[in-house]
Every structure is written in structure tokens, then in C-alpha cells.
1. Using θ = phi - 60° and the Karplus form 6.51 cos²θ - 1.76 cosθ + 1.60, what ³J(HN,Hα) does each residue of the stretch B:128-137 get, whole Hz, x for Gly and Pro?
2. Using Cα pairs under 8 angstrom and six or more residues apart, how large is the relative contact order of chain B, in percent?
3. Can you list the residues, at least 5 places off or on another chain, whose amide H is less than 5 Å from the amide H of B:Val39, using H built in the peptide plane?
4. Any chance you could run the full-extension gain for A:Asp172 through A:Thr159? It's 0.36 nm times the residue separation minus the Cα-Cα distance, nm to one decimal.
5. I need the phi-derived Karplus couplings for the stretch A:64-76: 6.51 cos²θ - 1.76 cosθ + 1.60, θ = phi - 60°, integer Hz, Gly and Pro marked x.
6. Using amide H atoms built in the peptide plane, which far-off residues or other-chain residues are under 5 Å from B:Asp98 H to H?
7. Write out the trypsin sites (Lys or Arg not before Pro) in the stretch A:133-175 meeting two conditions: DSSP loop, and at most 15 other Cβ atoms within 10 Å of their Cβ.
8. Quick one: work out the % antiparallel among DSSP beta bridges in chain B, nearest 5.
Amino acid sequence: MTTYKKITALVGAAVLAVTLAACGGDSNESTDTTVAASAATEEVVIEGQWARTSPAATDMGAAYMTITSPVDDALVAAAVSMDIAMEAQIHEVVPAEMTDTTMAMGDMATDTTMAMGDMAMTMREVDEIALPAGAAVELKPGGYHVMLMGLKAPLEVGTEIKITLTFKNAGDIEVTVPVLEEAP
Amino acid sequence: MRRLTIAIVALTTLLSSCGADESGLIGYVPSFDKDVSNVVVGEISDSTTRPFAFKAATNEVLVVYFGYTNCPDLCPTTLYAVKSAKKKIGDDLAARVDLAMVTVDPERDTSEKLPKYLASFSDRFHAIVPATASELRTAENAFQVTSSVTKKSDGTVEVAHSATAYVVDDTGRVVVEWPFGLDADAMANDLRFVLSDEA
């Protein structure tokens, strides 16, 4: 965690530098190059990671975190050991495209009576989550998450699991993820 | 695109919050008399099914959610927030909060499974496993919920559902709706408000 914090500070400084350069408007190119070069030697920062305790009678789970990469990168896979779950996938919650055949409500509701909150949501597996350089990308409820499928045992509050994240450029990074009932 | 959607949802939430200042509720207040008391569905009770109407007991509220147990993200997020909100309002008020979940995936959510699932969130609950598709649709229409279960060619099942939670009072009316993402503090605020109004 300590190293994470140091890296956060460095990335934060880098982001600030880039932001300041951007604000300056006519910043010279050499400044930008310097920032990019030093950032490239830093590591991916993973913060605020947690997995939701799994309710009884289900073998599905989800894990969340915030990822900041110093360079353009992408999260392409997640994995857990077989004693935790059968499979881990990267998912995204999206508005469901309700076609006439899948539309549940048949003759329902025109747009005027269909409130925002009543829109159906579903999940889909994504190939990757883009990580633009310096941007903190959140995996959070209602958005991206690492879905744990076929849990071997319920995820209990107070325990930890290890998740291996695979990045296009940064390779594999293992994170220790505490199990919580709600976001930290 | 995703950011835009989130921004719109945030804005909508913000606007409804602003509009709700007078009422004291943070969630969305239905713009019409949303009476759901006439809908009767099958509730699982000791592994048999008995009729259940969407109406809170006198001086209580009933939180209603449509979801499914294999839902890793949306359903537990909202249901754990409801659990947390009940802790925030204290035992006396929390004792007057009931919970009902209607599974939109009755084929996989059996009468054994759903009650166990709900016990993770509340000491009192109503596990509703619709016996027929039309029973599910009738309940959904009353709340204006949309759902679908699609079996895909690769063998997986894709479930889509509205992620709103509905607070029903003891007259069987939806008094406030909680869009996905509303936090436990906001839910606690609304529970306090509705319960103090009823008492």
C-alpha cells in the first residue's frame, strides 16, 4: 500500500503537470515530452479495491477498484485462483436494448411515462477497459466491475481475495482485495 | 457515451432532489397516484405459495425490488444499501420497514433460493417467485418495471431489469422511488420521512 501511495503522488504530480501545461495553452513541447518520459517509468496504480460480500444462495460476486495508468494502457483480463471462483470476467452495466421480442411490457408506456429509473439495465462482458494515461478509471457499482462467476464459497466480510489483473502494456498485476458489504 | 449517460442520470437525480425539497424526500416522487395494492402475486412461505398484495402493514413501509439472485452488481448494491439505511434509522423505525423482492428470473430463482438470498439483507422479507409470465408482467406493469430474460446461443442467460427500488406505504401507494445508485444516507432520509408521516 505504501508504494501505491508514493506512486499515486507521483502520478498526481504528473497529472497536475500535464494539466498545468494544458492550462498554459502555449506550453512548449519539451515540457510535455519530459512528463511523458518520466511517467513511463512509473507503475499502474490500483486503489480503493474491494469485493462485495456475496449474498446467500448465489455464486456470483463482483469486485471494484480505481485504476490509473501512467501511460495509455488497457485492462484486458482478470483472474482468480480456482479455489475462489470458476471464472473472472470484466463486465459493464449498460442500458438494455429492449427489442420488440424481448420487451417485457408489450404495449407499455411511451417515453413520457417511462421514467429514467425504470429503464432496464443489463451486463455485458467487455474485451477491455481503456486506461488513458493519467486518468483514474473507476470500476464501480452500476459501471465496470470484475465479475466473479461460480464462487466456490461465499465471499465473507473480513476476508481478502487475490485478483490478477492483466494489462495490455503493464502485464500482470496481483491485487489483494478486501471483502466488504459496501463501498469503502 | 457512458459518461454522458452517467451525467444525465446524475442530473436527473439532482433535479428530482431539488424538486423534492418541499416534500423532504430525496428519491423520485411519482407524478401520479401510483396504486399497486390491487396486484396480488405468489409469495413463498415455508416452501408453499400464498397470496401477497403490494401494501405495507399499518404504519409500515414496504420496499419493493425487482431483480434476480445471479445478479452480481446492481441487485446487491441496492439491497445492501437498503440494509445499511435501516441501520442508520435505528431499530424502532427499522422494525417498520418490510422488504419484498420479485424475481424477474423465476426459472432459475426457485422457491428455495430466493428466501435464502433475501435473508442476507433483511430479517423480514417477502420472496416473490411469479408462477407465470403474466403474473410477473402484471406486477411489473403496476410499478412500471421492465425486464427480460434472454437465453443466448452460447448457453448463457442475459437478464435485463429496471434497477429502481420502490417504497410502498400502508395504503398500497408508491410514495417514493429510489433510482439505482441512491446511497444509504438518502434512503435513510426517505424512510425517516415516510415513517414519520405515517405514525
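1. Here the 3J(HN,Hα) series is 10, 10, x, 6, 9, 4, 6, 5, 5, 5 Hz.
2. 31 percent
3. Sorted by chain and number, the residues that satisfy this are B:Phe54.
4. 2.4 nm
5. Karplus-based 3J(HN,Hα) across the stretch A:64-76 equals 9, 5, 10, 10, 10, 9, x, 10, 4, 8, 8, 7, 10 Hz.
6. Residues meeting the amide H criterion: B:Val61, B:Leu62, B:Val63.
7. When the trypsin sites (Lys or Arg not before Pro) of the stretch A:133-175 are filtered for loop state and at most 15 Cβ neighbours within 10 Å, A:Lys152, A:Lys168 remain.
8. The answer is about 70 percent antiparallel.
Read-outs throughout are calculated quantities, based only on the coordinates presented, and are distinct from any laboratory measurement. Bear in mind that the values here come from a model prediction, so they are computed numbers and not experimental data. Every residue, glycine among them, receives a Cβ derived from its backbone with ideal geometry; neighbour counts consider all protein chains shown.
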